[in-house]
Amino acid sequence: MNFEQPSNSLEWMVFLAKKYSSMFIEGTWLTLYIAVIGTIFGFILGYVVGIVEDIKINPGDGILRKLFVRLVKAVFTIYVEIFRDTPMIVQAMIIYYGIKMLGVEVTPVFAGILVTVLNTGAYMAETVRAGICSIELGQREGAWAMGMSPFKTMLYVVLPQAFKNIIPEMANTFLTNLKMTSVLNVIAVQELFMAAKTVGGNYYKYFESYLVIAVIYFVLCFVFNKIFNLIEKKMQGKTDYALAVEYMDNE
C-alpha cells in the first residue's frame, strides 16, 4: 500500500512520532523508571557512604572499632573512586556481563538500575559528606551538651540541614541520570535512545528520529527542573521574615 512520504525533516519527525508513538512512549516510561528508581536508591546509598566517611576515629575507641571503621571507610573509598573515574557505559557492560559470568541471570533493566544506583551513590557520597561538613560544629556540640547521642545528633540535627543544602545537587544528579540512561542501550535496555535507534533504522531516518527524542528529553528535563526549583524554594521558606526587635522598636 503506497503512501505519500514526507518531503522534509520536520514532516518526517511528525510522521515517525505519530507512527511509532507507542514505542517512544514505552521508551520514555522506561527511561523515567530507571532514572527515578536508580536515583532514589542511589541517594540512599550516597547518604550511607557520606555518613560513614564523616565518622571520626577517637583515640579512646577500641581496637576492633578502629579497625572496622577504617576497613569500611577503605572499601567505600575504593568504591567511590572506581565509579567516579570510569564511564557509566563501561560500568554497564562490566556489571551486566560480569553478573552473567557468575551464572546469575539478570534482565537488562535490572542491570541498568543497578549501575545507575551505584553510579549515583558514588557521586552523592561526596555531596553528602560536603553537606554534613557545611553544618557548624557548634550545633553538634550543643546537641551533645543537651545529652543527645552522636547518632541522634546526626539524625535530627545534622542530616535535615545537610539535606536542605544538597537539594540542588540532588536535582542535577537526577537530571543527569535521566539523560545518561541513553548509554544503557549497549546492554539492550529498550529505553528512549534505543527506541529512536530502532525507529530510525526502519526508514533510515536516524537524524529525524533522534530529533524526536531530543525534544522529549528537553521537555522532561525542563519540566523536572522547574519542579525541583519549586521544591527548593519551598524548603528554603520565606525570605521576608521580620525580626521581633523591629516590632518592639515600633511599639
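The values are calculated or read from the model by the stated rules, or taken from the named source; none is laboratory data. Owing to the predicted nature of the structure, the values given are computational and were not obtained by experimental measurement. Neighbour counts are summed over all protein chains in view; Cβ atoms, including those assigned to glycine, are modelled from backbone coordinates with ideal geometry. Note: areas computed on protein heavy atoms with side chains; ligands, DNA, RNA excluded. Shrake-Rupley method; radii C 1.70, N 1.55, O 1.52, S 1.80 Å.
One table, with the values for the structure above:
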{"item": "Scan of the stretch 56-82 for residues that are of a type in the set (Ser, Thr, Tyr) and modelled with pLDDT under 90, ordered by number", "result": "none"}
{"item": "Looking only at the stretch 118-174, and only at residues there that are within 28 Å of Leu220 (Cβ to Cβ) and among the aromatic types (Phe, Trp, Tyr), the one that is most open to solvent (accessible area, probe 1.4 Å)", "result": "Tyr123"}
{"item": "Which listed residue, of Glu53, Glu11, Glu4, is at pLDDT 90 or above and not polar (S, T, N, Q)", "result": "Glu11"}
{"item": "In the stretch 183-202, the residues that are over 13 Å from Tyr20 (Cβ atoms), touching a residue at least 24 places away in the same chain (Cβ under 8 Å) and either open to solvent by 10 Å² or more (accessible area, probe 1.4 Å) or assigned to a helix (DSSP H, G or I) (or both)", "result": "Val183, Leu184, Val186, Ile187, Ala188, Phe193"}
{"item": "Failed item, numbered, when Tyr210 is tested on (1) open to solvent by 30 Å² or more (accessible area, probe 1.4 Å); (2) modelled with pLDDT under 95; (3) part of a helix (DSSP H, G or I); (4) not β-branched (Val, Ile, Thr)", "result": "(2)"}
{"item": "Residue in the stretch 119-131 that is of a type in the set (A, V, I, L, M), within 30 Å of Ile55 (Cα to Cα) and modelled with pLDDT under 80 present", "result": "no"}
{"item": "Answer from Leu45, Leu10 - the residue that is touching a residue at least 12 places away in the same chain (Cβ under 8 Å) and either out of contact with any Pro (no Cβ under 8 Å at 6 or more places or on another chain) or within 15 Å of Met180 (Cβ to Cβ) (or both)", "result": "Leu45"}
{"item": "Filter result (among the polar types (S, T, N, Q) and touching a residue at least 60 places away in the same chain (Cβ under 8 Å)) within the stretch 203-230", "result": "Ser209"}
{"item": "Selection from the stretch 149-181 of residues that are over 18 Å from Ala35 (Cα atoms) and either of a type in the set (Asp, Glu) or outside any helix (DSSP H, G or I) (or both)", "result": "Ser149, Ile166"}
{"item": "Selected residue (only one of Arg84, Arg70 is touching a helix residue (DSSP H, G or I) at 6+ places or on another chain (Cβ under 8 Å), under 30 Å from Ala130 (Cβ atoms) and loosely packed, with under 13 Cβ neighbours inside 10 Å)", "result": "Arg84"}
{"item": "Residues of the stretch 10-54 that turn out to be loosely packed, with under 15 Cβ neighbours inside 10 Å and within 11 Å of the chain's Cα centre (by Cα), as a count", "result": "2"}
